[in-house]
1. For the range B:133-143, check the following and say yes or no: at least one residue is in contact with a strand residue (DSSP E or B) (Cβ under 8 Å, 6 or more places away or on another chain), within 10 Å of another protein chain (Cβ to nearest Cβ) and aliphatic (A, V, I, L, M).
2. Among the residues of the range A:144-162, which ones are closer than 30 Å to A:A250 by Cβ and facing another protein chain (nearest Cβ under 8 Å)?
3. Out of the residues in the range A:158-175 meeting the condition of being part of a loop (DSSP other than H, G, I, E, B) and either in contact (Cβ under 8 Å) with a residue 24 or more places away in the chain or of a type in the set (D, E) (or both), tell me which one is farthest from A:C231 (Cα to Cα).
4. Of A:V208, A:V154, which residue is more than 17 Å from the chain's Cα centre (by Cα) and in contact (Cβ under 8 Å) with a residue 12 or more places away in the chain?
5. Kindly establish whether B:E104 is assigned by TED's automatic domain parsing to the domain that holds B:R36, under 24 Å from A:F187 (Cβ atoms) and under 19 Å from the mean Cα position of the chain (by Cα).
6. Suppose we keep only residues that are within 12 Å of another protein chain (Cβ to nearest Cβ) and in contact with a His (Cβ under 9 Å, 6 or more places away or on another chain) within the range A:54-110. Which one would you say is modelled with the lowest pLDDT?
7. Quick check on my filter: what residues within the range B:223-237 are away from chain A (no Cβ under 11 Å) and surrounded by 14 or more Cβ atoms within 10 Å (Cβ to Cβ)?
8. Hey, can you tell me all the residues within the range B:1-23 that are touching a strand residue (DSSP E or B) at 6+ places or on another chain (Cβ under 7 Å) and surrounded by fewer than 18 Cβ atoms within 10 Å (Cβ to Cβ)?
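The values are calculated or read from the model by the stated rules, or taken from the named source; none is laboratory data. Keep in mind that this is a model prediction, so the values were computed, not measured. Here the Cβ positions follow ideal geometry from the backbone for every residue, glycine too, while neighbour counts run over all protein chains shown.
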Number of protein chains: 2
Amino acid sequence: MMKIAFAGSQIDRSDHIRSDPAALEGLMNWRARLLRLDGLDPVISPESTLEWGTLADADPASELVFLGVADERGCFAEVQTKLQGSVSPAGPRVWAAMAALSPEDLATYGGARSLVDWHARHRFCARCGAATTLAKGGWQRSCGGCGAEHFPRVDPVTIMLVEHDGRLLLGRQPRFPPRRFSALAGFVEPGESIEEAVAREVLEEAGVKVGPVSYVVSQPWPFPSSLMIGCYAQALDDQLTIDTTELEEADWFTAEEVAAAMAGDEDGRFIAPPPHAIAHHLLQWWLDR
Amino acid sequence: MMKIAFAGSQIDRSDHIRSDPAALEGLMNWRARLLRLDGLDPVISPESTLEWGTLADADPASELVFLGVADERGCFAEVQTKLQGSVSPAGPRVWAAMAALSPEDLATYGGARSLVDWHARHRFCARCGAATTLAKGGWQRSCGGCGAEHFPRVDPVTIMLVEHDGRLLLGRQPRFPPRRFSALAGFVEPGESIEEAVAREVLEEAGVKVGPVSYVVSQPWPFPSSLMIGCYAQALDDQLTIDTTELEEADWFTAEEVAAAMAGDEDGRFIAPPPHAIAHHLLQWWLDR
């Protein structure tokens with residue numbers, strides 16, 4: 001299995017420091033590094049690395065989150081006041097960063113982005129409506145009203161390759177670029193296992209029942225905070241009933257068609273998901289088997 | 001693999017109905033079933049099944065969540081006003097229900113509990129602080145202030161068997177009953193894969209590095225909304241450095257010791273996790289290999 005994008009950060013999360021105010025304060029010295037962000041976008045150096053400043057670069061009105069420790073230096077990121085209460089979808093600068101950054105830097109950026117974005121979008125207590133404040137180096141927000149503690153959210157999503165008689169089921173969402181097909185996917189809901197979520201999504205979106213589900217690989221996907229859980233299952237039959245509110249189109253693709261798309265053949269039957277998507281890895285895994 | 005507790009509900013989630021107000025309204029008729037809950041606790045019939053009433057039993061001040069369809073009847077649960085804004089940890093009546101209910105009923109209860117509890121603890125918009133209202137049959141809350149949409153939360157947790165030279169690493173949390181040991185576990189954080197979360201937790205809690213991580217099985221755990229992701233890894237050495245803020249004790253256990261605990265031997269070296277816990281399944285899976 002090749003490297004999965006957004007995994008592999010070399011920053012040590014140093015969980016024990018988060019709840020030790022003296023240790024955290026001790027790391028916030030002149031050697032500490034501040035990840036440079038423009039809002040939620042990364043700032044990339046001419047050498048195609050993440051740019052870091054020092055804590056002196058931070059706006060005093062910003063909240064600071066503790067990313068962890070690298071080379072014995074505390075690493076932090078800033079929740080700028082302009083972000084607070086706002087929603088920032090990923091744009092072209094993020095797609096460019098994906099192509100430019102090393103896997104380790106991309107993973108560091110992704111984790112920081114998810115955490116900063118969570119603080120941006122979680123300013124108030126969902127339980128009582130009072131304002132919350134950052135705690136434990138940004139790994140918690142505490143309510144000044146009812147005392148509730150809130151933690152950064154991670155949303156598990158299943159994404160699955162479904163095979164029938166040597167062909168793979170792939171679908172097109174209306175928002176995809178022309179001719180792009182990818183694996184079906186959907187959020188895991190309260191009250192279901194990963195395996196149940198996979199079976200439900202395939203049945204809902206394509207009308208197909210599957211046999212046993214197996215796990216392949218996972219990926220953190222920071223838009224804003226998904227945990228992609230890549231799975232594989234065989235369909236019990238190939239008769240599709242497509243939910244057109246979710247998918248524009250879905251169909252079965254042969255190994256030759258998948259191999260052509262993965263090789264970048266633009267004249268093939270479809271265009272493959274991009275290299276940073278877990279779906280790309282799943283398709284490569286399937287071809288390699 | 002035996003059946004995992006809290007998975008296997010026979011209610012069809014009927015996702016397409018949630019966003020179709022007319023279809024949802026059509027299901028809210030005299031045949032619709034209302035899951036009887038006492039706060040978040042289940043109400044169990046003399047036949048050890050979940051008790052259901054009709055929508056006429058609901059307090060008009062309650063919010064109603066749509067669980068799905070069974071036998072062509074809409075299934076609902078009530079977010080009672082006394083729950084709204086409150087936190088309800090699981091108590092003895094829940095532990096009794098786990099022993100009494102069929103796997104299907106337990107899964108239905110668990111999913112309903114998670115969803116109702118989420119509504120109880122999420123009354124306000126985390127982004128702007130305004131009050132939110134239930135939408136899409138309870139699978140969303142919408143903000144009356146900024147228009148943000150909020151979705152029920154599912155928190156992925158890794159739980160792992162770590163093996164070295166035929167022995168398993170198990171630990172004791174301070175809150176465990178006497179002599180109980182179980183698998184190490186911890187929440188997946190933003191910016192890490194399942195595999196990275198497993199390696200980090202084992203290193204943090206026990207000071208041990210692991211090799212490749214493999215997935216075993218998953219379980220929804222509705223206290224309040226965890227997705228337990230059961231994994232396996234081999235430790236690179238057996239030298240433990242225990243984080244005593246997380247664990248009271250941790251050690252290596254032989255297959256004979258694990259088998260004795262799983263057989264219910266109270267004079268053995270430790271007491272196994274209870275049958276409804278995914279850790280119990282993981283230990284059985286390991287013994288069966």
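1. For the range B:133-143, residues in contact with a strand residue (DSSP E or B) (Cβ under 8 Å, 6 or more places away or on another chain), within 10 Å of another protein chain (Cβ to nearest Cβ) and aliphatic (A, V, I, L, M): absent.
2. Taking the range A:144-162 first, the residues closer than 30 Å to A:A250 by Cβ are A:153-162.
Matches in the range A:144-162: A:R153, A:V154, A:D155, A:P156.
3. As a first pass, look at the range A:158-175 and keep what is part of a loop (DSSP other than H, G, I, E, B): A:165-166, A:173-175.
Now narrow it down to the ones that are either in contact (Cβ under 8 Å) with a residue 24 or more places away in the chain or of a type in the set (D, E) (or both): A:165-166, A:173-174.
On the way: A:D165: 18, A:G166: 16, A:Q173: 19, A:P174: 23 Å.
Taking the candidates together, the pick is A:P174.
4. After applying the criteria, what remains is A:V208.
5. On the way: assigned by TED's automatic domain parsing to the domain that holds B:R36: yes; under 24 Å from A:F187 (Cβ atoms): yes; under 19 Å from the mean Cα position of the chain (by Cα): yes.
It is true that B:E104 is assigned by TED's automatic domain parsing to the domain that holds B:R36, under 24 Å from A:F187 (Cβ atoms) and under 19 Å from the mean Cα position of the chain (by Cα).
6. A:Q84
7. Of the residues in the range B:223-237, the ones away from chain A (no Cβ under 11 Å) are B:223, B:232-237.
Scanning the range B:223-237 gives B:F223, B:Y232, B:A233, B:Q234, B:A235.
8. Residues satisfying the conditions are B:M1, B:Q10, B:D12.
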